Amino acid sequence: MDTRYLKSLIAVVDCGSIARAARLENLTAAAVSQRILALERQLGLELLVRIGHEAKPSLACLDLLPRARAIVNEVALLAGDADSQGLTGPLRIGAISTVLTGLLPQALRALTRSTPQLKPVIVPGTSRALYQALEANELDAAIVVAPPFALSKTFEVVVLRKEPLLFISNEPSTQGIDARLQHCPYIQYDPDAWGGRHALQYLQDHSLSPAALLDLDALETIALLTAQGLGVSLVPCWSGIERWTGSCVLEPVGDERYDREIVLLSLAQGPRLRMVDVLQRALLETAGSHL
């Protein structure tokens, strides 16, 4: 059995459609479909249920998916077995959006220069989704907002940076932050997001209940809407914020209790520990240069 076909099956399940999986794998949709059909013939099972443009895993597919993931993962480790330093092969890195445009690019440059045999595989997502993927062994490391709960000893946690809470608006004012939050349209950093809880806590601690124009778990979009005068907001001072808040006025709330922590999560025991250590060093050096 060609493990590349299993990889394509996993990509379709994860992406939800053959077309999206094809773009991810840099293949044509027809090529991915042929791979799935070949697997179905070989196994004598229907693996996908096609509904419109979507493709859902069948019950049989869900049953074999954990082993398929394990096989693909083991094959990816083969190249590293001949490397005594353990620095050869893919490293699956999850990252939230502000890390993708802030800390990660510079860290990846340093990583690929120092360890060219290491091949980063970047997976975007929310903090919650990336944590769950790491827990399911679908990632080797995840750069996320610090979880709002205690982690078990199966995880390693490294704090990369602390991001103070800011009040942002599109024009200066003589009014205080609390007064403007209460009376201006409020663009809310989604309180259900791990990073959004700090802004919500500030509002609760100051007995504020602003009229939320909308909830967003997309800080870059919040900054753009604020710059256009749609409202005000409370956001963390993420790495690279200046690229999105050019015309905004940024005012720190001045209380460390509302800082957002960005952390590197990894499994304490895993096959790519040395790779994760190299990633950690690159991220810490980059985070230090961004302070």
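Ranked by how many other Cβ atoms sit within 10 Å of their own Cβ, fewest first, the residues 187, 36, 262, 51 fall in the order 51, 36, 187, 262. Here the label points at residue 243 and residue 155, each 7 Å from Cα along the C-beta direction, are separated by 2.7 nm in the simple model. Calculated mean residue ellipticity at 222 nm for the chain: -13500 deg cm²/dmol, from DSSP H runs with n ≥ 4 weighted as -39500 (n - 2.57), summed, divided by the residue count and rounded to 500.
When percent of Cα pairs over 32 Å apart is computed from the coordinates, the matching label among (1) 14; (2) 38; (3) 23 is (2).
Computed over neighbours whose Cβ is under 14 Å from that of residue 135, the net charge equals +1, Lys and Arg +1, Asp and Glu -1. Taking amide H positions as modeled 1.01 Å from N, with prolines and chain starts lacking one, the residues under 5 Å from residue 267 and 5 or more places away or on another chain are 156. Please work out whether region 165-258 counts as rounded, prolate or oblate from its C-alpha gyration tensor, where a ≥ b ≥ c are the square roots of the eigenvalues and a/c under 1.5 means rounded, while otherwise a/b larger than b/c means prolate and anything else oblate? Since a/c stays below 1.5, the shape of region 165-258 is classed as rounded. Taking amide H positions as modeled 1.01 Å from N, with prolines and chain starts lacking one, the residues under 5 Å from residue 17 and 5 or more places away or on another chain are 55.
Each of 78, 39, 224 has some number of other Cβ atoms within 10 Å of its Cβ, and from fewest to most they run 78, 224, 39.
Exposure proxy shown here: for 162, 153, the number of other Cβ atoms within 10 Å sets the order, fewest to most, as 153, 162. With a/c under 1.5 counting as rounded, go ahead and sort region 5-151 into rounded, prolate or oblate using the C-alpha gyration tensor (a ≥ b ≥ c being the square roots of the eigenvalues; past the cut-off, prolate if a/b is larger than b/c, else oblate). Prolate.
Throughout, read-outs are computed from the coordinates displayed, never taken from laboratory work. In this text, all values refer to a predicted model and were calculated from it rather than measured experimentally. Glycine gets a Cβ as well: all are built from the backbone with ideal geometry, and neighbour counts include every protein chain shown.
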